[in-house]
Amino acid sequence: MSMINEPTTILATCPLGMAPYLEAELHELGYRETKQLESGVLTRGGLADCMRLNLHLRTAHRVLLELKYFTAADADGLYRTVSRMAWEEIMDVDGYLSVSSSVRNDTVNDSRFANVRIKDGVVDRFMGEFGRRPDSGPDQGRGVCLFLHWRGDEATLYLDTSGEPLAKRGYRKMPHKAPMQETLAAACILASDWRERAGQGGSFVAPMCGSGTLAIEAALIALNRAPGMLREQFAFMNLKGYDPAAWKSLRNQARKQNVSALPGRIIATDRDPHAVEAARRNARVAGVEEFIEFTVCDFTETEMPEGGGTVMLNPEYGKRLGDIKALEPVYRGIGDFFKQHCGGYTGYIFTGNMDLAKRVGLRTKRRIILFNASIECRLLEYELYAGTRKNS
């Protein structure tokens, strides 16, 4: 496994807007040598580091380990370089291979063609060495995964050590309509004051909880539980020479850092009984059901414990669900709820519709840009005082 044992570049990818939070996560894990990109963060390490990052990173999409940087004018150039690489050091001849890519090259109109030429280079290497070849296809949930980043004639070939995106934690067995992705929920919470509030005995309240992602991620963060603990499969497990004992050791180390109890409360509510049931089951799978109090009620009737804390809502915003006009009273209602019931809390609204956000009627303290897929959204922060309304 000499191709992947030596320290090299690691690229942890993430959606737009999340790179600052991903970089902060890397720093907390001890990776000080970092460089922030638009949709990711660079650091250095080897396969063991990639395993650790897959286990611990909350806002990363994938963890990519650089195999080779090279120049290629066209797809045949890709093939020539790849076919000379010692793939037998990384994967078995009877294994499985998938390739994905991001391509901007004048000679290639479809990235799938680049994927095919990469795959051809790998399997032809095996045919030349062993007279047999690994299977290949699009399934990133099995086998060895490669990722090509190709701009002009500059190409970087990565080993995708994650496989399925890290947002797929493994706990969301019952998604509700338009669920918030786990990595996005984690970014919202890391951008909020929740970690500080949790340590001080504050509560986390998630009205409109949907399938419970915000409440579950808040619990995982407050309990210091690694988000990758529930995943049964990562692509690095399919590498030749993968050491299950090393992975077990990483998991055991992570467990030792867990917090066993919370001084405050986590409350999740929704007026839809099916949503609350989905949230409860997802929390059960995540191992945090005992730390979250679930209630079926309208958001305006949500209990707000004394002592303050963090309250976070992810209302519909009319681009994929609902009608914008019909949502205006909802946003006004959120403003009234904040004003009348949430004194001493920090309020947050995640929305992709700033026109609707104006209906809240409260002045924002911060507006944090995050993307939900291709939709540019804002995490709006409100400092809430009992009995005071600040007009925007």
Worksheet item: Cα axis of helix 273-286 to longest principal axis of the chain: angle in degrees, 0 to 90, nearest 10?
Response: 50
Worksheet entry | Within the chain: Cβ-based charge dipole about Cα centre, in debye rounded to nearest 20 (Lys, Arg +1; Asp, Glu -1) | 640
Response to the item:
Any residue on another chain or 5+ positions along whose placed amide H is under 5 Å from the amide H of residue 91 is listed here as 240
Worksheet item: Taking θ as phi - 60°, what are the ³J(HN,Hα) couplings along the range 250-257 by the Karplus curve (6.51, -1.76, 1.60), each to the nearest whole Hz, with x for Gly and Pro?
Response: 4, 5, 5, 4, 5, 4, 5, 8
Response to the item:
Lys and Arg at +1, Asp and Glu at -1: neighbours of residue 346 with Cβ under 13 Å from its Cβ sum to 0
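Quick check on packing: order 17-29, 58-70 by the mean number of other C-beta atoms within 10 Å, highest mean leading.
Values: 17-29: 19.9, 58-70: 22.3.
In decreasing order of mean packing, 17-29, 58-70 become 58-70, 17-29.
Give me the net charge for the shell around residue 297: Cβ to Cβ below 9 angstrom, other residues only, Lys and Arg +1, Asp and Glu -1. It would help to have the intermediate numbers written out before the result.
Values: positive: 271; negative: 270, 298, 301, 303.
Result for the neighbourhood of residue 297: -3.
Which GluC sites (Glu not before Pro) from the range 207-288 combine a DSSP loop assignment with at most 10 other Cβ atoms within 10 Å? Mind showing how you got there, number by number?
Numbers: sites: 217, 232, 277; in loops: 232.
In loop regions of the range 207-288 (DSSP not H, G, I, E or B), the sparsely surrounded GluC sites (Glu not before Pro) are 232.
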Worksheet item: How far is helix 324-341 tilted off the main Cα axis of the chain, in degrees rounded to 10, range 0 to 90?
Response: 60
Worksheet, complete the sentence: Of all DSSP beta bridges with both partners in the range 2-160, the antiparallel percent, nearest 5, is 75
Worksheet item: Using a Gaussian network model of the chain with C-alpha springs under 10 Å, which one of 279, 114, 12 is most mobile by mean-square fluctuation?
Response: 114
Practice prompt. List the extent of the Cα atoms of the range 204-271 along each of their three principal axes, largest first, rounded to whole Å.
Written response: 50, 25, 10
Practice prompt. Choose one of 165, 140, 179: the residue whose Cα lies farthest towards the positive end of the charge dipole of the chain (beta-carbon charges +1 Lys, Arg; -1 Asp, Glu; about the Cα centre).
Written response: 179
Discussion item. Just to compare against my own numbers: the Cα pair-distance distribution for the range 2-160, 5 Å bins, whole % per bin, please.
Written reply: 2, 9, 18, 20, 19, 16, 10, 4, 1, 0
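Using helices alone, I'd like the mean residue ellipticity at 222 nm for the chain: each DSSP H run of four-plus residues gives -39500 (n - 2.57), total over residue count, nearest 500.
Details: 12 runs with 128 residues, N = 392.
For the chain, the value works out to -10000 deg cm²/dmol.
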Worksheet item: For residue 99, which sequence-distant residues (separation of 5 or more, or a different chain) have an amide H within less than 5 Å of its own amide H, given hydrogens modelled in the peptide plane?
Response: 137, 146
Worksheet item: Can you list the HN-Hα couplings for the range 288-304, worked out from phi with the Karplus curve (6.51, -1.76, 1.60; θ = phi - 60°), rounded to whole Hz and with x for Gly and Pro?
Response: 10, 4, 5, 9, 10, 9, 9, 9, 8, 6, 5, 4, 5, 9, 5, 5, 10
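First select every other residue whose beta carbon is under 11 angstrom from the beta carbon of residue 332; then total the charges, Lys and Arg +1, Asp and Glu -1.
Working: positive: 339, 358, 359; negative: 328, 336.
For residues surrounding residue 332, the net value is +1.
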Worksheet entry | Inter-centroid distance (Cα atoms) of the range 1-70 relative to the range 222-246, Å | 15
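For the range 2-160, what is the charge dipole size about the Cα centre, in debye to the nearest 20, if Lys and Arg each add +1 at the Cβ and Asp and Glu each add -1 at the Cβ? All intermediate terms of the calculation are to be shown ahead of the outcome.
Numbers: 18 positive and 24 negative charges, 25 e Å.
Rounded to the nearest 20 debye, it is 120 debye.
Would you mind giving the three semi-axes, in whole Å and largest first, of the ellipsoid equivalent to the chain according to its Cα gyration tensor?
Working from the Cα gyration tensor, I get semi-axes of 43, 22, 18 Å.
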Practice prompt. Compute the acute angle (0 to 90°) between the alpha-carbon long axis of helix 19-28 and the principal axis of greatest extent of the alpha-carbon atoms of the chain; round to the nearest 10°.
Written response: 80
Practice prompt. Rounded to whole Hz and in sequence order, give me ³J(HN,Hα) for the range 181-193 from the Karplus expression 6.51 cos²θ - 1.76 cosθ + 1.60, θ = phi - 60°, writing x for Gly and Pro.
Written response: 5, 4, 5, 5, 4, 4, 5, 4, 6, 5, 6, 8, 9
Fill in: Mean Cα-pair separation over length for the chain, i.e. relative contact order, pairs under 8 Å, 6 or more apart, %
14
Worksheet item: In the chain, with Lys and Arg counted as +1 and Asp and Glu as -1 at Cβ, which of these residues, 385, 296, 95, has the Cα nearest the positive end of the dipole, that is, farthest along it?
Response: 385
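Just so you know, all these numbers are worked out from the coordinates, no wet-lab data involved. All figures in this text were calculated on a predicted structure; none of them were measured in a lab. Cβ atoms come from the backbone with ideal geometry, glycine included; neighbour counts cover every protein chain shown.
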